[in-house]
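Structure first, then comments.
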Amino acid sequence: MRTRPRREPVHALPLAVLAGVVTLVLIAAGGRGAGPAADTSIPSWKGLAGELRPRVAVGQRMIVVLKAPALADRLGPVGGLATGEQERQWNSAALAAQKLLISRLGVEGVPVQPEYSYTRAINGFSAAFDANGLALLERAPEVAGVYPVRAMYPASAGSVAQPAPTFGRPPQVGLSSEDGRGVTVAVLDTGVDRAQPFLRGRITGGVDIVGGSPGADAAHNPDAPAELERHGTEMAGLVVGSGGPGGMAGIAPGASVLPIRVAGWQRDASARWAVYARTDQLLAGLERAVDPNGDGDAHDAARIALIALSEPFGGFDDGPLARAAAGALRLDTLVVAPAGNDGAAGPAFGSISGPGGAAAALTVGAADLRSGFVTARVVVRAGLAVELDRVVPLAGSLSPGAPVDAAVAVPRDTVGREPAGSVPLIDFFDPQGRNLVAGRAALVPVGSDPAGTFENAARAGARAVLFYGGAVPAGALGTGEAAEIPAVSIPADTARTLLTRLHGHVPVSVSIGAKGDRPSSDDRRVAEFSSTGLAFDGRVKPEVVAPGVGLGTAEPGTAADGSARYGTVNGTSAAAAVVAGDAALLTEARPDLDAESLKGLLVGSARPFASDPITAQGAGLVDVGGAAATEVTASPASLAVGRATSTSWRLAQRIQLRNVSLRRLRLDVSVDVANEGAAAVDFTVRPQHFFLGPGRTINIHVRAHVTSAIDGDAPLEGNVVVQPVAGAAIHVPWVLTFGPPLVAALSAVRLSSHSFRPSDVKPALLSFVAGAVPKTDSGQDVRPLALVDLELWSPTGGRIGLLARMRDVLPGRYSYGVTGRDPTGQVLPSSDYVLRLVGYPTAGGKPTVRTVKFRIE
């Protein structure tokens, strides 16, 4: 199999340099009443491609997961069958377990005020904790884990509003006999404009988690009332839209959308209004997706939950989002999630966003199925030096036009700032009202709304737009009035050079040559911005891809003349919306199937692209027609086969097959190796040939071992193929990586003072770098840590106790304040001590230990 050509990421910094500096909210020695050592925030990772994201401060919020069973956990022992009264009782029992823990913490001096409580998909709550509370939680026997709250963002790579685009359904999607009638799709996103004619009658009463928008309507920016939340309306249009211009329609116009507003206008770290969600808000939204009326009885659960948001690079398989996706699946709700818009990475791990790393979620990448796009040669000069000379896709200006030669100019207030939306029109003028870009090429950041920036630049008279900080897909800016000027994306390092030259008053110019058509190559079927696998447990993610570039949909609000607004959208969230619509069609066509079987059919029947790696496409392009006709499903739908570190590597996996047809099937099972990796591997399957009756299941055992020396780290890819004697085959994708055992990277461990007096006000600062983002022969990996423990030891080797613990740790620089107290909060007596930092890799393996000595005066 050919792989996609290697290319430098659009955002060079994030994976060449670590995530940034983070000071933890934990005070390492658990001092009672101690405050944080410094400002606290979780880094906002910039993607390899796609939009810039607002920096979000989550404070000291944590998600506490309890060991006591949630409602979803209770259903297993009873075969998934329970009365409404039983479910309400189990829901109450989960809540009682939370109250008991909170009450005990209060007795021990840690007051807890939960912001959100979860009892259905998982058992837990979110709240802000000081250092003492976190230390007590980690030692509490009732607690399964404490996880940081992180930010989530709409997973779109730019959209553009147009007066009347003429798009029908996305290509190669749909069933002629079904429209999703009777199926409810919960859309966990921003608010939805239910007054949009494209959606009218198909949006049910909503749930507002963020607050301030009753009914989960699309909310206005508090500082700019004309600016509405867009993403939820766009996603709802892709799922259930109907009656649009030119026959435009969603995938399942007969279905209903339950809008759950988990993202919206909230203050970011700079106190500006930005559209985002937090993981604790998403969990609260998923609780309502599986129990829309909130009465504790999940029999009214939505069949599909579209999470159109992503936690960048958060492809963990064991965190609260992953646990909740598994709980929703047990409650018969299929979670469909975007892979993310952070581009290619791997091969050991990739750039998959959360909750896309969850084994239970159906994770979707974006495919570009357009027949072609327009390119132009772009030459950028700074003084006499040529800084860029290449042929690039045009993001805008699809109509023929003359070449452009223009000086480059920068709007005000954009350098070093990450816009939450578009660059406003006023920023293209200086404080005296002089136009900064008229007749010039505007060099602008992508932001989260490149279409708005593009439109404002055109209105200001710019002759062209040069985007930096992200990649706007070819042709993604549509064919409106603004598209009369060309728009291109340039590399981040080129943009930094140009900004430096402009700051030094060096003239910068750009030449954009005549346009030419370029047919889509077979090597580019998966969109370049689409995140690639594997997830952090080694599982193939995304599992499928769907159309995700240039899809027509609804926009909120109305145009100046009062007409409805429409536009195009790009991104893995758009692709996930397409698959959510497919799942609704399949649910109507096959109402007897449970959520896990729906997922198995959609993955197993997907059609692979010949020239994209499995890490980019999973099983391939979703084929809902093929899924409707498929007679057997596999669980799991994709495999996590791990990493071969030596010639002694062995694999043993089990796949459960289920006959979902009404006839007895003769099945043949084999392993198809799609490409040769760094070593030869021999596979065996037992049983290989057998009959399976209607509704019956069978366990298939797959074994493998390395049969040659390992040469390099090129991954081995393939599928377990299940072929009925008469009928369509299904595929279960897998990827085997090679190389030495993964280690938990802990480096640059420093303590600001090695001799100090106990102090809750001025603690010593322990800083370290956790995780890594290494380059490999095949690409670039994102390697987080599953766990980091900070332990206190005596100099003679005796362990005093656990000071602090971090879970699901993304690469970055972290800090702890060491107050001079022991794990129980008591002041340490004067003596010598050792801090022991222990990091654990995500895919198993030996921990890494680093020690630092200090003395309490």
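Structure notes:
- Calculated P(r) of the stretch 282-375 - Cα pairs past 22 Å, %: 34 percent
- Reported value for the chain: 163 Å³ per residue, from the convex hull of its C-alpha atoms.
- Where the Cα pairs of the stretch 527-678 fall when distances are cut into 10 Å bins, in %: 9, 32, 31, 17, 7, 3, 1, 0
- 29 Å Cα-Cα threshold exceeded, pairs from Lys775/Lys846; Lys99/Lys599; Lys99/Lys762: Lys99/Lys599; Lys99/Lys762
- Convex hull of alpha carbon positions in the stretch 689-761: directionally averaged projected area 13.0 nm².
- Annotation for the stretch 51-71 versus the stretch 253-321: alpha-carbon center distance of 12 Å.
- Of the accessible area of the stretch 228-364, computed with a 1.4 Å probe over protein heavy atoms only, carbon and sulfur atoms account for 49 percent.
- When the convex hull of its Cα atoms is projected in every direction, mean area for the stretch 309-349 (nm²): 3.4 nm²
- Here's how it looks for Val207: its modeled amide H is under 5 Å from those of Ile260, Arg261, which are all 5 or more places away or on a different chain.
- Amide H contacts of Leu394 (H built 1.01 Å from N, in plane; Pro and chain starts excluded): Val374, Thr375, Ala376, Gly475 sit under 5 Å, all sequence-distant by 5 or more or on other chains.
- Pair Val107, Gln86: separation of 7 Å Cα→Cβ label points (nm): 3.3 nm
- Within the same chain, aspartates and glutamates fewer than 8 places from Lys541 are excluded, and of the rest, those with a Cα less than 17 Å from its Cα are Glu311, Asp317, Asp318, Asp342, Glu528, Glu596, Asp612, Glu717, Asp781.
- Globularity ratio of the stretch 600-640, using Cα Rg and 2.2 N^0.38 Å: 1.13
- Along the stretch 452-460 the Karplus relation, 6.51 cos²θ - 1.76 cosθ + 1.60 evaluated at θ = phi - 60°, assigns HN-Hα couplings of x, 4, 4, 5, 5, 5, 5, 5, 7 Hz to successive residues, with x for each Gly and Pro.
- Radius of gyration and maximum dimension Dmax of the stretch 73-140, Cα, Å: 14.4, 42
- Each peptide in 339-347, 135-143 gets a packing score, the mean of other Cβ atoms within 10 Å over its residues, and the list from highest to lowest is 339-347, 135-143.
- Just the protein heavy atoms count here, and of the accessible area of the stretch 644-767 at 1.4 Å, carbon and sulfur take up 50 percent.
- Derived scalar couplings ³J(HN,Hα) [the stretch 725-734; Karplus, 6.51 cos²θ - 1.76 cosθ + 1.60; whole Hz; x for Gly, Pro]: 4, 10, x, 7, 7, 10, 10, 10, x, 8
- Long-range HN-HN contacts of Ala744 with modeled amide H, under 5 Å: Thr848
- Take the Cα of Ala271, step 7 Å toward its Cβ, do the same at Val673, and the gap between the two points is 6.2 nm.
- Taken per residue, the accessible surface of the chain reaches 35 Å², heavy atoms only and a 1.4 Å probe.
- Carbon plus sulfur fraction of accessible area for the stretch 595-634, probe 1.4 Å, in percent: 52 percent
- Comparing Cα centroids, the stretch 782-816 and the stretch 633-667 end up 36 angstrom apart.
- For the stretch 208-217, putting each phi into the Karplus relation 6.51 cos²θ - 1.76 cosθ + 1.60 with θ = phi - 60° gives couplings of 9, 8, 5, x, x, 9, x, x, 6, 6 Hz, in residue order, rounded to whole numbers and with x for Gly and Pro.
- When each of the peptides 116-126, 502-512 is scored by the mean number of other C-beta atoms lying within 10 Å of its residues, the order from highest to lowest reads 116-126, 502-512.
- Burial ranking of peptide ranges 635-647, 811-823 (average Cβ count within 10 Å, highest at the top): 811-823, 635-647
- Spatial separation of Cα centroids for the stretch 688-746 and the stretch 102-139, in angstrom: 41 Å
The values are calculated or read from the model by the stated rules, or taken from the named source; none is laboratory data. Remember, it's a predicted structure, so these values are computed and weren't measured experimentally. Backbone-built Cβ (ideal geometry, glycine too); neighbour counts: all protein chains shown. Note: accessible area is taken over every heavy atom of the protein model, side chains too, but ligands, DNA and RNA are not part of it. Shrake-Rupley method; radii C 1.70, N 1.55, O 1.52, S 1.80 Å.
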